[in-house]
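What follows is calculated from the coordinates using simple rules that are stated; it is not laboratory data. Just so it is clear, the structure is predicted and the values come from calculations on it, not from any experiment. Positions of Cβ are generated from backbone atoms using ideal geometry, with glycine treated the same way; all protein chains shown enter the neighbour counts.
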Amino acid sequence: KLLIASLFLAVPMMANAAHCDNRCDNSDDNDGEVSYQDYTYLGIKAGSGQYKSPGNIGSSNSYGATSGYRASKLFGVEMEYTYLGAYRDAVSAGHATAVSVSGLHYLNMTDNLALIGKLGIAYTTTQNSPARGSSNANFVYGIGLDWEASCDVGIRLEIDKYTLKMPATTTATNAYMGLNFSF
């Protein structure tokens, strides 16, 4: 529902793409090349996640929020909060969240479409009922596609992988579709 509501907000922004700021001004610099403007963005994402541990496999809806800075055509950084979804292990039911900081590498396929690779550190927390949850700091990595639909709106598809500390070591693989609003 959150993603659909975001699309309704994004349509007017894409319709007014002609009124973009100087970031999308493709004027030439002194060398005749198109100049690049760095930018900051906020985003939302929603999707589905799958938990996998010895003896347990499950899936659940997941969502999150992103704040990022694309410093150049090739590199950026992001901070995310992600609800990784609900799970049920052999002992109890619960859910997991993650706060992460990641570096992004962009492989530009066209002016508006880039393949992205993500590597960072995630602080994951599991909440079990009635048992106590646990926390873990580990790597997060992922891959995705980033499409600039207009100067102000980007659409991202990504798959991220997290490690969780529960009674057994568990991996969470989440696939997302998200919207990024740049400013």
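A Förster radius of 35 Å, combined with the Cβ-Cβ distance separating residue 113 from residue 169, puts the computed FRET efficiency at roughly 0.45. All other residues with a Cβ under 12 Å from the Cβ of residue 157 taken together, and with Lys, Arg as +1 and Asp, Glu as -1, what is their net charge? Once positives and negatives cancel, what remains is -1.
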